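Scroll down for the structure; my scribbles are underneath it.
The values are calculated or read from the model by the stated rules, or taken from the named source; none is laboratory data. Predicted model, so just to flag it, every value in this text is computed and none were measured. We place every Cβ from the backbone using ideal geometry, glycine too, and count neighbours over all the protein chains shown. Note: areas computed on protein heavy atoms with side chains; ligands, DNA, RNA excluded. Shrake-Rupley method; radii C 1.70, N 1.55, O 1.52, S 1.80 Å.
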Amino acid sequence: MAIFTTDNPWALTFGVLGNIISIVVFLAPVPTFCRICRKKSTEGFESVPYVVSLFSAMLWLYYASLKSEPSAFLLLTVNSVGCAIETIYIALYLAYAPKQAKMMTLTLLLLNFGGYCSILLLSHFLAKGSVRVQLVGWICVALSVAVFAAPLSVIRMVIRTKSVEFLPFSLSFFLMLSAVTWLLYGLFLKDLYVAGPNVLGVIFGVLQMALHAIYRKGNTVATEEEKNDTSVGKLSSDIQSCNGNAFFIFTEASDKEPVAILSEV
């Protein structure tokens, strides 16, 4: 099909791989939401990572829609899937969240929608053609880089406690793998807006793998005080880049069941 044609078969290859890996990570929170539906309670989980992931996916979807290259279709597919999955997660969260958490989530969604519409309108009226693509690209990069502050809290806790209980190995591995595939995709397309954030994703991924190698046999377990550290939040969270510019946010609750959220950037 024409939408899959590209002058760069390597970009197509890594784009398809990135889609597959990203969708797998998008689906990582399914067991958590099955438990939420079964218990009819959000059990203290926060909605912020899902809302942020949705916002990031929406922005990258807009960026991909402005691209003229046929291979940009791969950014459209992965971020469309990301938007759909995150919307389902948020809807389930709203269905079972207590009133206060529900109101906070709705407020965040309103800010999400308002911010997205503002970016869309401003970029439409203030820029044209390639300038618009560059403007939206830099906005996406800025959001992606800002979101990278999240893993630092988890990494700090791992080093402090000498325990990787807050850092699931399989999820860390797939996030790093996703970052690598989208980094290569961006490089082969010469799209720095896609490749740039994923450089950080690869760096954080390698760092997390190193932490697993160092502390995987550690016996130190985080204290209850550390588990409830407000600098980390109710949930430990980690946000990585991937998918041509996708961010995965993964969190872990007190029972150590990972919650992965992916947002395409």
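Report, to the nearest whole %, how much of the accessible area of segment 107-212 belongs to carbon and sulfur atoms, 1.4 Å probe, protein only. Don't skip to the end; give the middle numbers.
Values: 4030 of 4940 Å².
For segment 107-212, the apolar C and S fraction of the accessible surface comes to 82 percent.
Please give the length that would be gained between Leu121 and Arg160 if that part of the chain were fully extended, namely 0.36 nm times their separation in residues minus their C-alpha to C-alpha distance (nm, one decimal). Spell out each step's value before the answer.
On the way: separation 39, 0.36 × 39 = 14.04 nm, distance 4.51 nm.
Full extension of this stretch gives 9.5 nm more.
What number results when the radius of gyration of segment 78-125, computed over Cα atoms, is divided by 2.2 N^0.38 Å?
Working: Rg = 13.1 Å, N = 48, 2.2 N^0.38 = 9.6 Å.
That works out to 1.37 for segment 78-125.
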Checklist entry - With every protein chain left in place, what is the accessible area of Glu69 in Å² (1.4 Å probe, nearest 10)? => result 80 Å²
Checklist entry - Which value, in Å² rounded to 10, gives the accessible area of Leu61 with a 1.4 Å probe and all protein chains present? => result 50 Å²
Checklist entry - Measuring from label point to label point, each 7 Å out along Cα→Cβ, what is the Thr107 to Ser68 span in nm? => result 4.5 nm
Checklist entry - Once fully extended, how much extra length lies between Val30 and Ala84, figured as 0.36 nm per residue of separation less the alpha-carbon to alpha-carbon distance? => result 18.1 nm
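Ordering Val51, Val24 by accessible area with a probe of 1.4 Å, largest first, what comes out? Intermediate results must be reported in sequence, preceding the final value.
Numbers: Val51 10, Val24 80 Å².
Reading off the accessible areas and sorting them downward yields Val24, Val51.
Sort His212, His124 by accessible area with a 1.4 Å probe, largest first.
Details: His212 15, His124 80 Å².
Greatest to least solvent exposure: His124, His212.
Evaluate E = 1/(1 + (r/R0)^6) for His212 and Gln100, where r is the Cβ-Cβ distance and R0 equals 45 Å; express this FRET efficiency to the nearest 0.05. The partial results should precede the final answer.
Working: r = 36 Å, r/R0 = 0.81.
For His212 and Gln100, the calculated efficiency is 0.80.
List the relative contact order of segment 1-97 as a percent without decimals, with contacts defined as Cα pairs under 8 Å and 6+ residues apart. Intermediate values should be presented prior to the final figure.
Numbers: 73 pairs, mean separation 42.5, N = 97.
It comes to 44 percent, rounded to a whole number.
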Checklist entry - Short version: ³J(HN,Hα) in whole Hz for each residue of segment 200-207, in order, from phi by Karplus 6.51 cos²θ - 1.76 cosθ + 1.60 (θ = phi - 60°), x for Gly and Pro, what are they? => result 5, x, 5, 4, 5, x, 4, 4
Next on the checklist: Taking all protein chains in place and a 1.4 Å probe, what share, in percent, of the accessible surface of segment 35-89 do carbon and sulfur account for?
Outcome noted: 67 percent
Item to check | Table column - 3J(HN,Hα) (Hz), segment 121-134, Karplus curve with 6.51, -1.76, 1.60, x for Gly and Pro | outcome: 5, 5, 5, 6, 8, 9, 9, 9, x, 5, 5, 5, 4, 5
Next on the checklist: Normalised radius of gyration for segment 24-102, please: alpha carbon Rg relative to 2.2 N^0.38 Å, two decimal places.
Outcome noted: 1.26
Checklist entry - To the nearest 10 square angstrom, how much accessible area does Met104 have with a 1.4 angstrom probe? => result 110 Å²
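Roll a 1.4 Å probe over the protein chains and send me the accessible area per residue for segment 17-56 in Å². Working shown, then result.
On the way: 1600 Å² over 40 residues.
On a per-residue basis, 40 Å².
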Checklist entry - Got a sec to turn the phi values of segment 191-199 into Karplus ³J(HN,Hα) couplings, 6.51 cos²θ - 1.76 cosθ + 1.60 with θ = phi - 60°, whole Hz, x for Gly and Pro? => result 9, 5, 5, 7, 6, x, x, 6, 4
Checklist outcome for this item: Largest-first ranking of Arg132, Arg38 by accessible area, probe 1.4 Å, whole protein assembly kept, is Arg38, Arg132
